[in-house]
1. Quick check: pseudo-label points 7 Å beyond the Cα along Cα→Cβ at R74 and T47, how many nm apart are they?
2. Give me the number: length gained by fully extending E39 to A65, i.e. 0.36 nm times residue separation minus the C-alpha to C-alpha distance, one decimal in nm.
3. Leaving ligands, DNA and RNA out of it, report the carbon-plus-sulfur percent of the accessible area of the chain at a 1.4 Å probe.
4. With a sphere of radius 14 Å drawn around the Cβ of D63, what net charge do the other residues whose Cβ falls strictly inside it have (Lys, Arg +1; Asp, Glu -1)?
5. Can you tell which of G70, A18, H5 lies farthest toward the positive end of the dipole of the chain, using +1 and -1 charges on the Cβ of basic and acidic side chains (Lys, Arg; Asp, Glu)?
6. Is there a quick way to get the dipole size of the chain? I mean about its Cα centre, with the Cβ of Lys and Arg at +1 and of Asp and Glu at -1; what is the value in debye to the nearest 20?
7. Explain nothing, just compute: Karplus ³J(HN,Hα) = 6.51 cos²θ - 1.76 cosθ + 1.60, θ = phi - 60°, for every residue of the stretch 53-67 in order, whole Hz, x for Gly and Pro.
8. Can you give me the accessible area per residue for the stretch 1-72, using a 1.4 Å probe, in Å²?
Amino acid sequence: MARYHNLKIKLTPRYIEALHELMEAELEMMKDQDKDYSECWAWGICTVGNFSKPNHLNLKFGDEASKPKGMKKRTCVRENC
């Protein structure tokens, strides 16, 4: 579960969907812009941490070879406990 200071925060479906949309948009944009390395933009994971910190979203992207095992979709949102 995500946090705000020590308070546990339940991510809303709307917020999770917005993060998926953000990652899909970044994958699309970078595949189009970064022609030499377009294969590097195959998947994305967003880890949500503590909302009281300025860097509470951690985005990670990669190619098919580096895709985490068990990841079934192109994007994933997870919470950092």
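The values are calculated or read from the model by the stated rules, or taken from the named source; none is laboratory data. All values reported here derive from a predicted model rather than from experimental measurement. Ideal geometry is used to build each Cβ from the backbone, glycine not excepted, and the neighbour counts take in all protein chains shown. Accessible surface areas use protein heavy atoms only, side chains included; no ligands, DNA or RNA. Shrake-Rupley method; radii C 1.70, N 1.55, O 1.52, S 1.80 Å.
1. 2.4
2. Once the chain is fully extended between E39 and A65, it gains 8.4 nm.
3. Result for the chain: 53 percent of the exposed heavy-atom area is carbon or sulfur.
4. Every neighbour counted, the sum reads 0.
5. Farthest along the dipole direction, towards plus: H5.
6. 660
7. 9, x, 10, 6, 10, 10, 9, 9, 10, x, 8, 4, 5, 9, 5
8. Value returned for the stretch 1-72: 72 Å² of accessible area per residue.
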